[in-house]
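What follows is one structure encoded as structure tokens, with my remarks underneath.
Values quoted throughout were computed directly from the atomic coordinates according to the rules given, and no laboratory measurement underlies them. As the structure is a computational prediction, the values presented were derived from the model and not from experiment. All Cβ positions, even for glycine, are placed from backbone atoms using ideal geometry, and neighbour counts span all protein chains on display.
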Amino acid sequence: MGIKRLDELTAGTVLASDLKASDGRLLFKADTELEERHIELLKRVGVAEADVKADAGDLSDETVRDIEDYVRDFFLYVDPEFEPSLQMFRIALDLTGSAVASGWVLPDISDRRASDVEHMEDLFLRGMGSPDTIVKHETELASFPDIYFRIKEVLEDESASAERIAKVVSTDMSLAAKLIKLVNSPLYGFPQSIDSISRAVALVGAKELSTLALGISAINYFKDIPPELVDMKSFWRHSITCGIFAKILAGTQIGLSPERFFIAGLLHDVGRLILFKKLPYASTEAMLFARENSIPLVEAERSIMDFCHTDVSQPLLQSWKFPEGLSDMINYHHSPMEFPNPLEPAIIHVADNLTNAVEIAQGGMYVLPGIDVQAWEILGIKADPLLRDAVDQYHEQIDIIMNAFF
Amino acid sequence: MGSLFSSSISLRKSVRIADDEFIQLRDFIYEKSGIFVDVKRKYLFESRFSKRLNELGLSNFADYLKYLKFDMKKAEELTTLFEMVTTNETSFCRDMKQLKAFQGNVLKEKIDEQRKTGKLELNIWSAGCSSGEEPYTLSILLHESLKMELPRWKITITAVDLSKAMIKRAQTGVYGDYAFKTTPDDIKAKYFKKDPEGWKINPEVQSLVKFQQMNLNDPLALKRVARSHIVFCRNVIIYFDESMKKKVVGSFYDNLLPGGYLMLGHSETLHKISQTFKPVYHPGTIAYKKEG
Ligand SMILES: C[S@@+](CC[C@H](N)C(=O)[O-])C[C@H]1O[C@@H](n2cnc3c(N)ncnc32)[C@H](O)[C@@H]1O
Ligand SMILES: [Fe+2]
Ligand SMILES: [Fe+2]
């Protein structure tokens, strides 16, 4: 939040950085929560000011009400009395409150419409490109990374040894480097550092590590999308966040391998990237239409293009021969109950909503896509305190994982 | 850090709308305006209308529905309702690619035709004009195309919208920066003057446009619009359901003079709506022609 004068300090204020006396002597370390007696001491030694953390308590009543109204607007597509929606709302409120206390200004409605859509050109006119033709156009044009298929091969080969897997993965240096960073991140929380792929295979498991490698090599395919089409950084942040939540939620269930959920979360909106490549104008229009009408992006896509990003991910993942279970999670993340075995897509579904909820405080523009009551119930978990704990873990992990990728 | 927000804060701030009340409200909206509201938007409507209920001192939606249908002030309330259910997003030169294609092909064709027959006259209808940016943009395009010749022409741009408030705003002709987010600087400099309230449109550009409140769901009103050479209806039918789309597009067809054109928004199409128009493809847009 910044510098406060000594007379503005109150018990409970938390220091943002180490507090030193005029002679450079350390008085209190960063993160110390000041008590009355600390403040007395500061007066005595003649400290004039302190660098303190944002405190939502500093906000005026009016600002608090503005924040409430602002955040509430993102929850107009979910049942207000449904416990998980309510929990997500409260989480979003707290996050937005502290963002505002730290100086973030609530966006104005006029920020909704970007002005730079005008130069974009779609490859298909409305009514002339079906999801299949769009995907075909993409897959005929660009070939998928070779490493992807080699990983897929070992992944499907039950008899593949750990060494062989390690060897295949290690042939792609940048992929291997990402994997090493990832397994050393809090996503895994291994106590000791892991410095080789073979060690990673041993610790994480052969299947899990190859799934991870498969997902990362799929992501690589999109690295050349021009930034003016879509802000790739926030796209991947959304994806990774969803992956983190999906993995945590999967951990509450018996017998699910959490790695798969991280990857499914990571790729859950992959259809959107194809839409951006092939229908940039319509995709941007869909984003604006969603904001202008306070509807979820997926609904706006349907209004603007007659289909949505999961209609596109379906033929796309099929043409990549992506592992079926993973594809199903991705293709059904907006309609889990339409899948015969809904548990897995339901996890991505909930994770995606929670992701949208935490993004509100980061300037996210889209209302929550909507939580299917039945999908939630299949998980058989209680929203409180699980969702909050998940958000705490996410905060510890997100920057480090983002770093592993970019 | 503790939370500022009470841990028991609720998500619903508004009066609850029962399922059957929502259906009644949305059927009412549809019947009056043709605007179709998906059931998924129930909570959004609940929240939007709650404010209105408060203002009126009504404590539930059943009373509001009665008010809408039977109160002495129901006509006024309908106006307010229209403001609440429409999205008025627009800007000058929105979809420049389309406008360029329109100017270079459709408009050019019409102007040439009229010159040939010696009838220097053009009627354009902007249906769903919101706060006026679209019809004024069309007037600007005509100024750009006809230049010195313009005074010899008799041009009318009939601009209509459901929202009274929008029509009023349009008539003042003064705009804030937001209206120019898709507008080339030279156009803005040429046709607008700085004004204490914002940017004021050039009076000559303004004089071609006639504004009028009108409901596209009112077939009799539509019949009174002068026959047009060109109809613009962009980003409006996207809010209608299929049967309303068909109805409105049918009215445009009837209104158009033989050889006239209908222009739709970037993401709108007559695919599945009408086979009577002939789609004419130009890079940047499809123009729908009434052959004659
Ligand atoms: C998104 S704006 C489009 C403005 C402009 N045509 C453009 O493309 O920038 C949609 C407009 O349609 C109007 N509208 C919706 N239903 C209507 C109806 N039944 N009759 C007349 N206008 C209507 C709304 O009031 C709103 O101003
Ligand atoms: Fe999605
Ligand atoms: Fe998503």
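Take the Cα of B:TYR281, step 7 Å toward its Cβ, do the same at B:MET72, and the gap between the two points is 6.1 nm. A straight chain from B:LYS210 to B:GLU149 at 0.36 nm per residue would run longer than the Cα-Cα distance by 19.9 nm. With neighbours defined as other Cβ atoms within 10 Å of a residue's Cβ, the residues B:LYS100, B:LYS66 order from fewest to most as B:LYS66, B:LYS100.
Could you check what % of the DSSP bridge pairs in the protein assembly as shown are antiparallel, to the nearest 5? Restricted to the protein assembly as shown, the bridges split so that about 55 percent are antiparallel. Computed from backbone phi, the HN-Hα couplings of region B:230-244 come to 9, 10, 9, 9, 10, 6, 10, 5, 4, 8, 9, 8, 4, 5, 5 Hz, rounded to whole numbers (Karplus: 6.51 cos²θ - 1.76 cosθ + 1.60, θ = phi - 60°; Gly and Pro given as x). Simple rule: put +1 on each Lys or Arg Cβ and -1 on each Asp or Glu Cβ in region A:144-221, find the dipole, and look at A:GLY205, A:ALA177, A:GLY215; the Cα lying farthest toward the positive end is A:ALA177.
Between helix A:232-251 and chain A there is an angle of about 90 degrees, using the helix long axis and the longest principal axis of the Cα atoms.
Neighbouring Cβ atoms from other chains, within 10 Å of the Cβ of residues in A:92-105, number 2 on average.
With contributions of -39500 (n - 2.57) from each DSSP H run of at least four residues, the per-residue ellipticity at 222 nm computed over chain A stands at -18000 deg cm²/dmol. For the pair B:ALA18 and B:LYS40 in one chain, pulling the backbone fully straight at 0.36 nm per residue adds 6.6 nm over the alpha carbon distance.
Just so you know, the averaged projected area of the alpha carbon convex hull for region A:22-83 sits at 7.2 nm². About the centre of its Cα atoms, the protein assembly as shown shows a dipole size close to 2700 debye [charges on the beta carbon of Lys, Arg (+1) and Asp, Glu (-1) only; nearest 20 debye]. Does the protein assembly as shown classify as rounded, prolate or oblate by the C-alpha gyration tensor (a ≥ b ≥ c root eigenvalues; a/c under 1.5 gives rounded; else a/b over b/c gives prolate, otherwise oblate)? Because a/c hits 1.5 or more and a/b exceeds b/c, the protein assembly as shown counts as prolate. Taking 19 Å as the straight-line reach from the Cα of B:LYS164, the lysines in range (excluding those fewer than 8 positions away in the same chain) are B:LYS32, B:LYS73, B:LYS74, B:LYS210. Peptide A:284-295 has a mean shielding of 3, counted as Cβ atoms of other protein chains within 10 Å of each residue's Cβ. For the residues of B:266-276, the average number of beta carbons from a partner chain within 10 Å of their own beta carbon is 4. Under conditions of 10 °C and 1.306 mPa s, chain A yields 68 µm² s⁻¹ as its translational diffusion coefficient, taking Rh as the Kirkwood radius over Cα pairs in the Stokes-Einstein equation.
Determine the distance separating the Cα centre of region B:213-292 from the Cα centre of region B:101-161; give it in Å without decimals. Distance between centres, Cα-based: 17 Å.
Cross-link pairs exceeding 19 Å between alpha carbons, from the set A:LYS207/A:LYS321; B:LYS51/B:LYS168; A:LYS4/A:LYS53: B:LYS51/B:LYS168. Annotation for A:ASP224 and B:GLU197: the two label points, set 7 Å from Cα along the Cα-Cβ direction, are 5.3 nm apart. When a/c is below 1.5 the answer is rounded, else prolate if a/b is larger than b/c, else oblate, so apply that to region A:2-53 with a ≥ b ≥ c taken from the square roots of the Cα gyration tensor eigenvalues. The shape class here is rounded.
Seen through its C-alpha gyration tensor, with square-root eigenvalues sorted a ≥ b ≥ c, region A:294-406 comes out rounded because a/c lies under 1.5.
Estimated purely from DSSP H runs of n ≥ 4, each contributing -39500 (n - 2.57), the mean residue ellipticity at 222 nm for chain B is -12500 deg cm²/dmol once divided by its residues. Do the alpha carbons of any pairs in B:LYS100/B:LYS154; B:LYS247/B:LYS278; B:LYS154/B:LYS289; A:LYS278/B:LYS289 sit beyond 25 Å of each other, and which pairs? From B:LYS100/B:LYS154; B:LYS247/B:LYS278; B:LYS154/B:LYS289; A:LYS278/B:LYS289, over 25 Å: A:LYS278/B:LYS289.
Relative to the dominant Cα principal axis of chain A, helix A:206-220 is inclined by about 90°. What's the whole-number percent of alpha carbon pairs in region B:2-85 lying beyond 14 angstrom? Everything past 14 Å amounts to 65 percent.
I need A:VAL14, A:VAL169 ordered by Cβ neighbour count within 10 Å, fewest first. Sorted ascending by nearby Cβ count, the order is A:VAL14, A:VAL169. Structure remark: mean-square fluctuation, Gaussian network model of chain A, C-alpha springs under 10 Å; the largest value among A:ALA264, A:ALA290, A:ALA176 belongs to A:ALA176. Using Cα centres only, tell me the gap between region A:218-251 and region A:56-111 in whole Å. For region A:218-251 versus region A:56-111, the Cα centre distance is 24 Å. In terms of surrounding Cβ atoms within a 10 Å radius of their Cβ, A:CYS308, B:CYS129 rank from fewest to most as A:CYS308, B:CYS129.
DSSP assigns beta bridges within region B:96-289; of those with both partners inside it, close to 40 percent run antiparallel.
For region A:144-221, taking the reciprocal of the average inverse distance between every pair of different Cα atoms yields a Kirkwood hydrodynamic radius of 12.3 Å.
Given R0 = 60 Å, the distance between the Cβ atoms of A:LYS29 and B:ASP177 translates into a calculated FRET efficiency of 0.80.
3J(HN,Hα) along region B:12-27, derived from phi through the Karplus expression 6.51 cos²θ - 1.76 cosθ + 1.60 where θ = phi - 60°, amounts to 7, 10, 10, 5, 6, 9, 6, 3, 6, 5, 4, 4, 4, 5, 5, 5 Hz, with x in place of Gly and Pro.
Of B:VAL225, B:VAL160, B:VAL249, which is the most mobile in a GNM of chain B whose springs link Cα atoms less than 10 angstrom apart? Sorting by GNM fluctuation, first place goes to B:VAL225. Cβ-Cβ distance of A:PHE82 and A:MET365, R₀ of 25 Å, FRET efficiency by 1/(1 + (r/R0)^6): the value works out to about 0.65. Between A:VAL64 and A:GLU292, the FRET efficiency from the beta-carbon distance, with R0 = 30 Å, is close to 0.65.
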